[in-house]
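Right, one structure below, let's go through it.
Coordinate-derived values only; no laboratory data. Keep in mind that what you see is a predicted model, and the values were worked out from it rather than measured. With ideal geometry, Cβ positions are generated from the backbone for all residues, glycine too; neighbour counts draw on all protein chains shown.
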């Protein structure tokens with residue numbers, strides 16, 4: 001039962017799906033015959049006849065399909081025949097094509113048709129009083145219809161001008177008046193049919209082409225016997241553009257110079273005025289109209305006008321020529337006014353140095369001023385004239401001459417980043433120089449002052465002429481004479497740059513502090529080691545000054561704060577330290593040490609509480625401590641050795657019994673410590689061995705090697721039980 005229920009549910013689902021698809025197929029329009037569209041329609045009815053004959057009537061059918069050719073055999077139109085209905089005996093209508101039924105052939109004098117009808121029958125008769133017309137297919141099924149407004153048609157005129165009733169381009173219900181209009185254009189008619197508006201076998205177009213743009217080649221022309229024009233942008237999406245009308249006039253849209261002429265379906269045209277030249281300084285406009293497929297005329301499009309001008313332009317009015325301000329010289333600015341000619345396209349400025357024959361020139365465009373560059377500065381004088389140039393490259397006469405001089409009125413500029421100051425060690429002159437680009441001008445003079453040159457008390461230290469690349473040569477500043485110098489540039493015109501200051505370090509670092517000296521004299525010479533503290537701020541190196549026998553000497557340079565000197569013993573020396581910065585500026589001297597170098601004696605000197613403290617000890621003897629004042633002499637006191645500073649560990653003074661006793665006591669202490677350590681280690685090993693034995697069950701295991709003994713042939717080797725394994729079952 002459950003399986004039957006499942007099968008039943010599935011059957012219902014499939015049935016509903018099939019019914020839904022069938023509904024879609026039944027109620028959806030097909031691709032060829034969608035709802036609201038008609039394949040063949042009544043498109044045009046000439047119910048009133050033409051200007052040639054009242055009987056010159058026709059009916060036009062139109063196939064709206066883009067792909068289907070329709071067979072019209074035995075189709076019929078009601079109320080359009082003397083016999084009632086008009087039956088089409090045979091014929092087809094191509095996709096997008098027309099089928100024309102007329103009372104006359106195009107060759108008939110009674111017809112204005114200029115296109116061959118598809119079916120000519122004298123039975124065609126459309127009354128002037130409207131009766132509904134129905135188009136039926138061969139099965140008498142209504143395909144289309146034309147309605148009436150009671151007895152009147154929905155369109156068309158029967159006056160001096162005959163206009164057809166035409167179907168709108170967008171097909172809607174033919175029974176509605178909104179689906180129809182009165183024809184306004186003509187196509188496929190005789191050229192003499194000027195009073196008939198109809199478009200048999202052609203699109204029913206009621207709109208004109210959109211106007212485009214007309215170009216006349218420029219604003220001016222120097223040729224009074226010809227004009228040319230081109231145009232673009234005219235368009236008609238319904239019936240297309242078939243030709244253009246063009247004319248010329250002195251007002252846009254008015255053709256008072258040359259009447260409108262059909263120039264054909266072209267996009268440019270040349271007008272010839274050889275027999276009647278155009279007037280000088282007159283502006284002419286070219287007017288163009290597009291004609292569409294039903295001979296409707298577009299709005300007029302006109303060019304922006306072109307003026308005939310064959311004469312040279314007027315000369316401009318010169319105003320002045322002056323030096324260009326705020327430059328380094330070599331340029332002037334010229335000003336003028338326009339001369340009044342409308343066809344000027346540019347101005348030419350001519351210039352030459354006074355006394356020269358030919359002019360140089362430059363084109364200024366339509367500007368009313370120009371800057372002339374590359375000139376010589378005063379006292380050179382230049383002559384300047386200006387000319388107007390028109391569209392035809394005709395030049396006016398030049399203006400009168402203006403005279404002008406170029407002046408250097410801009411101060412030079414000093415680039416401080418390209419100035420190099422060299423601060424040399426004392427004994428050598430400091431220098432200052434400039435790399436390329438230090439001056440932005442060539443030929444300037446570089447001045448060096450001891451202070452700002454704006455001060456009246458300034459002193460000129462040195463000067464030099466700058467090179468072509470803006471560099472300048474090295475100049476001496478003296479040996480550490482100036483802590484600051486000022487540099488200023490002055491050009492040939494006397495313009496001065498802004499003065500710039502440069503520092504020159506002439507200040508020495510602070511004096512160092514001499515802290516300690518150790519002199520060891522095992523024999524001659526003695527090794528003297530000095531230690532000191534740097535007090536900055538910019539110390540670069542040090543020298544040690546020492547005096548022996550009244551003669552002061554300087555050591556080599558040291559960069560660290562220690563020094564070692566090898567000096568002869570048996571003499572008294574005075575020591576001090578000097579600090580120097582990287583420029584060689586020398587500090588004042590440090591505090592001084594003075595002591596004697598004695599063979600067999602080690603002398604230690606320290607700076608304690610502002611005084612020299614001297615300690616001596618025999619290399620293998622007693623020691624002394626002496627406090628001395630610096631720099632002259634010192635008083636010494638002998639201090640018992642036990643009060644002296646701690647002796648060196650490896651060198652105890654000779655002859656001191658108490659010192660030997662202390663050393664023996666220390667040895668016994670050391671021996672005791674060693675014995676205690678040995679006992680601790682032995683106890684540790686003993687405890688470790690006991691713990692290992694206890695971990696094995698308290699008994700020592702005997703390891704018995706399995707020694708293989710020879711066994712006589714035929715005798716079985718006895719088995720040996722292995723410990724820890726159960727006996728194997730037999």
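Which of rounded, prolate or oblate describes the range 359-402 when judged by the alpha-carbon gyration tensor and an a/c cut-off of 1.5? The shape class here is prolate. By the beta-carbon count within 10 Å of each Cβ, the least crowded to most crowded order of 450, 430, fewest first, is 450, 430.
Residue exposure proxy: 294, 547, ordered by other Cβ atoms within 10 angstrom of their Cβ from fewest to most, comes out as 547, 294.
Working from the Cα coordinates of the range 356-515, the gyration tensor eigenvalues give, after taking √(5λ), semi-axes of 52, 14, 12 Å in decreasing order.
May I ask you to order 283-292, 249-258 by the average number of other C-beta atoms within 10 Å around their residues, highest value first? Each step should come with its number before you reach the end.
Values: 283-292: 23.7, 249-258: 16.0.
Top of the packing list down: 283-292, 249-258.
When restricted to Cα atoms, the range 416-503 yields an Rg and a Dmax of 12.4, 39 Å, respectively. In this rough spin-label picture, where each label sits 7 Å from Cα along the Cβ direction, the residue 276-residue 68 distance is 6.0 nm. Taking a ≥ b ≥ c as the square roots of the Cα gyration tensor eigenvalues, the range 496-601 comes out prolate, since a/c reaches at least 1.5 and a/b is larger than b/c. Is the shape of the range 40-197 rounded, prolate or oblate, going by the alpha carbon gyration tensor and its root eigenvalues a ≥ b ≥ c, with a/c under 1.5 for rounded and a/b larger than b/c for prolate? The shape class here is rounded.
A Förster radius of 45 Å combined with the Cβ-Cβ distance from residue 566 to residue 422 puts the calculated FRET efficiency at roughly 0.80.
A simple spin-label model places the labels of residue 90 and residue 151 4.1 nm from each other, with each point 7 Å out along Cα-to-Cβ.
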